[in-house]
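These notes are about the structure you will find just below.
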Amino acid sequence: MKPMAHLGVGIGWRPEIADAVDRLDGLDWVEVVAENICPGHLPEALQRLRERGTRIVPHGVSLGLGGADRPDPQKLAALGERAVALGAPLVTEHIAFVRTSSPVLEAGHLLPVPRTRDALDVLCENVRIAQDALPVPLALENIAALFSWPGEEMTEGRFLTELVERTGVRLLIDVANLHTNRVNRGEDPAAVLDAIPLEALAYVHVAGGVERDGVWHDTHAHPVPPVVLDLLAELRSRVEPAGVLLERDDNFPPEAELAHELATIREVVTATAPKPGPVPEPKKTAAVPHTGAGARAAEPATGPEPQTGAQPDAEPEAGAGPQTEAGPEPEAVSGGGGARTRVALGQAALLSALVAGTPVPEGFDRARIRVQVRALAAKRADVVAKVAPELPGILGGSGPYRKSFLSYAKGRPMTAGYRRDALDFAEHLLIQDLPADPAARRRLTAWWRERAGARPPRRIVRWARTLVGRAA
């Protein structure tokens, strides 16, 4: 695998810190959440970076390549359009599942896939589909997890290694996620770094988090702790990464603190040199050569040369079971679909327990699942408040809003995106003649009507729906 083009030290671009990012000295590149931008309507601050020649990498969060379903062609097309619009050298996504199709449920979060042969077979086929559809190379990120799957057949290092060998995909290694999984799943970060093919490394993520009651929460809202910087140094002692990026998604600090964190990261990267060692023997690969667009996934990333293409408008987180290194030969999932069916059943049972209140499947750490349930509900409330910031104001502040939303979410899992969830929440309140204050209810009615493009349910309809809900 050829070396990646140099990226340097960068930061995750967010609208809340756009002006600060614009002024940061020595910033080499930025990463942007792909789903948060429209190719034809880039924010002015992002467009300025583009015009200055700053490299911009779109980072997807909604493909769910580890899910049982094949990738959504529309989501793949949208990710490719953003890569073209930004002149990106590559695109990145996650080794995770985010939804199920039977039943239709959305996690609103990146959930771990089981490290089994079935799950690896499904993931590899999904990655190949994505590689063939995308106009630039693809890299996949290891995720942070609160729990482990029972009955796993491979270590993290073996799982990632076989993924690379079978698909040629590159890796985005998040060292903060390695620390998260050390605390939450008892995994040794050094063992993962020793096992994976570092020649496939695209770049590195660094982020902050916090530990509560023995659980590490990968918040992206706290300063990068020394233990994560130590892992960055561990990785740097093995390989020189093409790029390192600071992620911050909330609780944004003053500009000087961001600049200091970036300077500290740069210091770790430049102060540590890879240890000399024997030249590794070439690894055998089971990857089938691609003749389409996916073949570019194994090629080096190039600079942000302007590209042309269609740009349509778009809207914009226990203990592990026994593990073994060896296993049966990979199953071809494109034929009978047995692996997909088995993965789908397992993921549906787990996601239903997480968001719909069904029993926790056998073998999972129930205490950790309860933590994940609370975390998903809290995140859902927070994101809805961001995409619909008027709702807390209408409902009397963040406290009353949060109480109402968590009550609503307890029995109503998300089946579409967060914007649809906000509309459904507002309709849920109106059906119950809430909020109690008439003026607030009128404001909520007007808000709902403006966005839903329809009249709120009349009183007789609301009564009928309420009775049906009670009967159910």
Checklist entry - Going through region 221-245 one residue at a time, which ones are farther than 20 Å from R182 by Cβ and touching a His at 6+ places or on another chain (Cβ under 9 Å)? => result A242, G243, L245
Item to check | Residues (over 24 Å from H109 (Cβ atoms), open to solvent by 50 Å² or more (accessible area, probe 1.4 Å) and not polar (S, T, N, Q)) located in region 422-439 | outcome: L434, A436, D437, P438
Checklist entry - Taking T264, is it among the β-branched types (V, I, T) and part of a helix (DSSP H, G or I)? => result yes
Item to check | Selected residue [surrounded by 24 or more Cβ atoms within 10 Å (Cβ to Cβ) and assigned to a loop (DSSP other than H, G, I, E, B)] from A88, A83 | outcome: A88
Checklist outcome for this item: By residue number, the members of region 95-154 that are surrounded by fewer than 22 Cβ atoms within 10 Å (Cβ to Cβ), among the polar types (S, T, N, Q) and part of a loop (DSSP other than H, G, I, E, B) are S102, T116
Checklist outcome for this item: Per the list (1) open to solvent by 10 Å² or more (accessible area, probe 1.4 Å); (2) in contact with a Leu (Cβ under 7 Å, 6 or more places away or on another chain); (3) more than 29 Å from L76 (Cα to Cα), residue check on R182 breaks on (2)
Next on the checklist: Quick check on G53: is it open to solvent by 10 Å² or more (accessible area, probe 1.4 Å) and over 21 Å from the mean Cα position of the chain (by Cα)?
Outcome noted: yes
Item to check | Leading residue by the ranking (nearest to the chain's Cα centre (by Cα)) among those in region 155-177 that are open to solvent by 10 Å² or more (accessible area, probe 1.4 Å) and under 27 Å from V224 (Cα atoms) | outcome: E156
Next on the checklist: I'm checking my understanding of the structure. Among residues of region 246-256 that are in a loop (DSSP other than H, G, I, E, B) and open to solvent by less than 30 Å² (accessible area, probe 1.4 Å), which one is nearest to N181 (Cα to Cα)?
Outcome noted: E247
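Of all residues in region 56-77 being within 25 Å of A119 (Cα to Cα) and of a type in the set (A, V, I, L, M, F, W, C), which is surrounded by the fewest Cβ atoms within 10 Å (Cβ to Cβ)?
My answer is A77.
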Item to check | Leading residue by the ranking (surrounded by the most Cβ atoms within 10 Å (Cβ to Cβ)) among those in region 399-421 that are small (G, A, S) and outside any helix (DSSP H, G or I) | outcome: G417
Item to check | Of residues in region 185-214 being assigned to a strand (DSSP E or B) and open to solvent by 10 Å² or more (accessible area, probe 1.4 Å), the one farthest from T161 (Cα to Cα) | outcome: R212
Next on the checklist: If the requirement is being within 17 Å of the chain's Cα centre (by Cα), of a type in the set (G, A, S) and within 25 Å of I56 (Cα to Cα), which of these qualifies: G108, G87?
Outcome noted: G108
Next on the checklist: Any residue at all in region 335-346 that's open to solvent by 40 Å² or more (accessible area, probe 1.4 Å), over 20 Å from Y408 (Cα atoms), in contact with a helix residue (DSSP H, G or I) (Cβ under 6 Å, 6 or more places away or on another chain) and modelled with pLDDT of 95 or more?
Outcome noted: yes
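The values are calculated or read from the model by the stated rules, or taken from the named source; none is laboratory data. Only a predicted model underlies this, so the values are computations on that prediction, with no experimental measurement involved. Methodologically, a virtual Cβ is constructed for each residue, glycine included, from the backbone with ideal geometry; neighbour enumeration extends over all protein chains shown. Areas reflect the complete protein model, heavy atoms only, side chains present, ligands, DNA and RNA absent. Shrake-Rupley method; radii C 1.70, N 1.55, O 1.52, S 1.80 Å.
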